[in-house]
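Student: Here you go, one structure.
The values are calculated or read from the model by the stated rules, or taken from the named source; none is laboratory data. Keep in mind that this is a model prediction, so the values were computed, not measured. With ideal geometry, Cβ positions are generated from the backbone for all residues, glycine too; neighbour counts draw on all protein chains shown. Just so you know, the surface numbers come from the protein's heavy atoms only, side chains and all, with ligands and any DNA or RNA stripped out. Shrake-Rupley method; radii C 1.70, N 1.55, O 1.52, S 1.80 Å.
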Amino acid sequence: MSGELLIPVIMCGGAGTRLWPVSRESMPKQFVPLIDERSTFQQVLGRIANTDLFDRPIVITHSDFRFIAAEQLRQCDVEADIVLEPSRRDSAMAVAVAAELAGKRRPQACVLVLAADHVVRNAEALENACREAAKAAAAGLIVTFGITPTYPATSYGYIRPGAKLDGGAALAIDAFVEKPDAQTAGAYIAEHFLWNSGNFLFRADVMLDEVARFEPDIAAAAKSAVDGIKNDLDFLRLPAEPFTRAPKKSIDYAVMERTARAAVVPVDLGWSDVGSWNSVWDVLPHDREGNVAVGPVVFRNTRNSLARSDDNIVTAVVGLDNVVVVATSDAVLVTSRDRAEEVKAVVEQLKAQNRPQADQHLRVYRPWGYYQGIDIGARYQVKRIVVKPQATLSLQKHFHRAEHWVVVRGTAEIVVGTETRTVHENESVYIPIGSLHRLGNPGKIPLELIEVQVGSYLAEDDIVRVTDQYGRT
């Protein structure tokens, strides 16, 4: 039976800037709990949990997100091969790498490529569609899942389906069409076009043949990269050379729009790519006025709107219709729902102004936990630090700052110079400039500290790691 299992590949690239300020490059939308308490990445893991259908998954993500992906896998009790891309090369290279890796398990393995940032309300329908698509894939077709449209969307590409193929639910594809205007989208729905979900199922050897046919540079780069893959802790790291030789192309442009082997399985999944705040509003349940509230939000004389607020910020929306209001600790977004797609351009403006809020959160995740900025001024900075149970930071020193740590929860094991001490709640320790030091949590509950940094230079690059269990020295 194991030889018949589908190999799921979860694509975790992308920055999700249209969902700023919640999604930023330092913590993009696929790892953020946008729809419920789980991230969309974790929701995908739940959809491939049936071990009678799915094999051990492959997760492809950028090196910057490796510890976030690993932690969210651990929370879901899922084991996976986590493959690290050294740079972003778009989906064609990622799919080619996935096909190479799956082919090393079984050359004719059926590979299911899923985006980590999509929402599917009907997981059973997805499983049924996978079984149907697997029949066509086994026969040598590259199958995409076509979503039955529910409204004339202008933010999705469309598929014009053709004749039914033998032996299952798959249809030929007459054409892929780009994102339309509203009038054209309405015509597409009347003609029974399908949304292009961007999720695929194919045989590994078939996809590799087609990539080699249409994009030989991508095929060669993918093969060389997988041949040179290295173990790095619990990760599989692709080498920068030859990975970066591959041109940046989507799998749609590279293969799907050119191959004669394309097919589509129509399916109603309750699907959304949650690509903008308007689509988040569409996915979440509404009150009787059509409003969606996430966090401490108050609506008054407001309709068809979305408001989302961090727990420590009360947000009131009064007398407005069709708006999106998103309040975080360091940034606020206000837009009309029909202009929500323009948020991406706002992020580019912020980057041009060198504003850190464009791509950095106040909360910064590390393999040992996270830290969050509280206050900053001339020659001082205050942070909250949370260390996971049994986790340890690197042995390090700073040239330009001293640090004061106050334990507010849990127990810390702290090395300063040659001395090791245990520090309990409501106790503190001082780290002089230039002193070697290490912080660890020997306990069973998260360790929380308040850190006060004082010095002439407080940026994160004033860290010299002497030893580090996460390979960052």
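Student: If eta is 1.306 mPa s and T is 10 °C, what Stokes-Einstein diffusion coefficient results for segment 317-468, Kirkwood Rh from Cα pairs, in µm²/s?
Tutor: Working: Rh = 17.7 Å.
My calculation gives 90 µm²/s for D.
Student: How far is helix 123-138 tilted off the main Cα axis of the chain, in degrees rounded to 10, range 0 to 90?
Tutor: Computed tilt is about 60 degrees.
Student: Now a separate question. With a 10 Å radius around each residue's Cβ, average the other Cβ atoms per peptide and rank 456-465, 314-323, highest first.
Tutor: Answer by packing, highest mean first, reads 314-323, 456-465.
Student: On the first, second and third principal axes, largest extent first, how far apart are the outermost C-alpha atoms of the chain in Å?
Tutor: Largest first, the chain extends 73, 60, 40 Å along its Cα principal axes.
Student: Give the angle, between 0 and 90 degrees and rounded to the nearest 10, that separates the Cα long axis of helix 66-75 from the longest principal axis of the Cα atoms of the chain.
Tutor: That works out to roughly 80 degrees.
Student: Based on the alpha carbon coordinates of segment 414-473, what radius of gyration and maximum Cα-Cα distance (Dmax) apply, in Å?
Tutor: Over segment 414-473's Cα set, Rg and Dmax evaluate to 12.8, 36 Å.
Student: Quick one: in segment 343-418, what % of C-alpha pairs are over 17 Å apart?
Tutor: Considering segment 343-418, 62 percent of its Cα-Cα pairs are separated by more than 17 Å.
Student: Here's something else I'd like to know. Going by average Cβ density within 10 Å per residue, which order do the peptides 335-348, 194-207 take, highest to lowest?
Tutor: On the way: 335-348: 16.3, 194-207: 24.5.
Ranking, from highest mean packing down: 194-207, 335-348.
Student: A further question follows. With a cut-off of at most 14 other beta carbons within 10 Å, and DSSP calling the residue loop, which GluC sites (Glu not before Pro) in segment 61-131 qualify? Please list them.
Tutor: 79
Student: Find the all-direction average of the projected area of the Cα convex hull for segment 187-246, expressing the result in square nanometres with one decimal place.
Tutor: 6.6
Student: Hey, which of these cross-link pairs are over 27 Å Cα-Cα: 135/248; 249/344; 29/249?
Tutor: Working: 135/248 31 Å; 249/344 20 Å; 29/249 22 Å.
Over 27 Å apart, Cα to Cα: 135/248.
Student: Leaving out same-chain residues fewer than 8 places away, which aspartates and glutamates sit with a Cα under 12 Å from that of residue 388?
Tutor: Straight-line reach from residue 388, under 12 Å: 71, 448.
Student: Can you tell me which aspartates and glutamates have their Cα less than 13 Å from the Cα of residue 351? Leave out same-chain residues fewer than eight positions away.
Tutor: Cα-Cα hits under 13 Å: 25, 359.
Student: May I pose another question? Could you pull the Cα extents of segment 283-392 along its three principal axes, largest to smallest, in whole Å?
Tutor: If we take the Cα atoms of segment 283-392, the spans are 49, 36, 26 Å.
Student: So what is the 222 nm mean residue ellipticity for the chain from helices alone, if each DSSP H run of at least 4 adds -39500 (n - 2.57) and you divide by all residues, rounding to the nearest 500 deg cm²/dmol?
Tutor: -6500 deg cm²/dmol
Student: Further question on the same structure: Run through segment 147-236 and list the GluC sites (Glu not before Pro) located in a DSSP loop whose Cβ has at most 10 other Cβ atoms within 10 Å.
Tutor: 178, 191
Student: Give me a comma-separated list of calculated 3J(HN,Hα) values for segment 432-439, in order, Karplus coefficients 6.51, -1.76, 1.60 applied at θ = phi - 60°, integers in Hz, x for any Gly or Pro.
Tutor: Computed from phi, the couplings for segment 432-439 are x, 4, x, 7, 5, 8, 8, 10 Hz.
Student: Where the Cα atoms of segment 374-445 are projected onto their three principal axes, how long is each span, largest first, in whole Å?
Tutor: 36, 29, 19
Student: Between segment 226-254 and segment 301-349, how far is it from one alpha carbon centroid to the other, in angstrom?
Tutor: The distance from the Cα centre of segment 226-254 to that of segment 301-349 comes to 37 Å.
Student: Viscosity 1.306 mPa s, temperature 10 °C: give me the Stokes-Einstein translational D for segment 294-339 in µm²/s, with Rh taken as the Kirkwood radius over C-alpha pairs. Write out the running numbers ahead of the final one.
Tutor: Numbers: Rh = 10.5 Å.
My calculation gives 152 µm²/s for D.
Student: Please identify every one of the chymotrypsin sites (Phe, Trp or Tyr not before Pro) in segment 36-110 that sits in a loop by DSSP and has no more than 13 other beta carbons within 10 Å of its own beta carbon.
Tutor: For chymotrypsin sites (Phe, Trp or Tyr not before Pro) across segment 36-110 that sit outside H, G, I, E and B with at most 13 neighbouring Cβ atoms in 10 Å, the list is empty.
Student: Expressed as a fraction of 2.2 N^0.38 Å, the rule-of-thumb size for a compact globular protein of N residues, what is the C-alpha radius of gyration of segment 79-150? If you can, show how the numbers build up before the last one.
Tutor: Values: Rg = 13.9 Å, N = 72, 2.2 N^0.38 = 11.2 Å.
Compared with the compact-globule rule of thumb, segment 79-150 sits at 1.24.
Student: Considering only protein heavy atoms, with the full assembly of protein chains and a 1.4 angstrom probe, order 181, 232, 77 by accessible area, largest first.
Tutor: 77, 181, 232
Student: Beyond 29 Å, what percent of the Cα pairs of segment 145-297 remain?
Tutor: So the pairs more than 29 Å apart make up 38 percent of the total in segment 145-297.
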